[in-house]
Amino acid sequence: NLAAPKQFHNIINKDPNIPRADKADLNLLLPSIEGSIVSAFTNDAHTTASLLMRYTYDQSITRYNISTNTTITSWDDIYLMALPDLNLYIQLAEEQELPGFSGVGKILKAYLYSMTIDIYGEAPYTTGTKFTENLNPIFDDGLTVYKEVFGLIDSGLADLATTGTVAMPASNSDFFFAGNRTKWTKAANSLKMKLLNQ
């Protein structure tokens, strides 16, 4: 509101829906991250798969309209929702020396990128989340991204295996495994085995 007094501009022009690094709570960030990941692979990706199945079934391709915008919502969920929050989540967890949290974040990031590559074949990785610094990110090939994904999984497993008492996300903030370190470790190992088989 430009009519508001100048001293209020810094307060009212900050989007309350975008967590600032100094205000973000890891247990509040995680549900948003997990929700964005689920949305990315159940909305547009599911619709496109169904359309392709129908193409194969009745071969009447003129009945369905797949365009360059067909999966835009999935890309938004990945690159505008999940990844920025994931990067912040991992950064804060490492700064606060919470390896249980950073391990979960790295495994989620590995899963997100592996699914993106499995569906699309290539995706921005090295420059994919620089946003205003790079408005035209390059698309990295699947093998390049897979190598990075293996590194994320190994790093996440190392974080989860840290000796001593490892704080984990609160059970009511983790929709996937309720903050259970054993289940997260099994999930990471299963993801790694799946990718090695592929």
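Every number in this text was worked out from the coordinates using simple rules, so none of it is lab data. Source: prediction; values computed, not measured. Virtual Cβ from ideal backbone geometry, glycine too; neighbours counted across all protein chains shown.
Mind listing which trypsin sites (Lys or Arg not before Pro) in segment 114-198 are in a DSSP loop and have 11 or fewer other Cβ atoms within 10 Å? Mind showing how you got there, number by number?
Details: sites: 130, 147, 181, 183, 186, 192, 194; in loops: 130.
Passing both the DSSP loop test and the Cβ count: 130.
In segment 91-198, what chymotrypsin sites (Phe, Trp or Tyr not before Pro) fall in a loop by DSSP, with at most 16 other Cβ atoms inside 10 Å? Don't jump to the answer; show the numbers that get you there.
Working: sites: 101, 111, 113, 120, 125, 131, 139, 146, 150, 175, 176, 177, 184; in loops: 125, 139, 175, 176, 177.
Taking segment 91-198 and a limit of 16 other Cβ atoms within 10 Å, the loop chymotrypsin sites (Phe, Trp or Tyr not before Pro) found are 139, 175.
Against the empirical 2.2 N^0.38 Å scaling, what ratio does the C-alpha Rg of segment 77-198 come to? All intermediate terms of the calculation are to be shown ahead of the outcome.
On the way: Rg = 14.4 Å, N = 122, 2.2 N^0.38 = 13.7 Å.
Rounded to two decimals, the normalised Rg is 1.06.
Please list, in order along segment 152-159, the HN-Hα scalar couplings obtained from phi with the Karplus expression 6.51 cos²θ - 1.76 cosθ + 1.60 (θ = phi - 60°), rounded to whole Hz, x for Gly and Pro.
5, 4, 4, 5, x, 5, 5, 4
Over 19 Å apart: what share of the alpha carbon pairs of segment 138-193 falls there, rounded to a whole percent?
Details: 604 of 1540 pairs.
It works out to 39 percent of all Cα pairs.
What are the ³J(HN,Hα) couplings of segment 170-187, residue after residue, when phi is run through the Karplus curve with 6.51, -1.76, 1.60 and θ = phi - 60°? Round to Hz, x for glycine and proline.
Karplus-based 3J(HN,Hα) across segment 170-187 equals 4, 4, 8, 9, 10, 5, 7, 10, 6, x, 8, 4, 4, 5, 5, 5, 4, 4 Hz.
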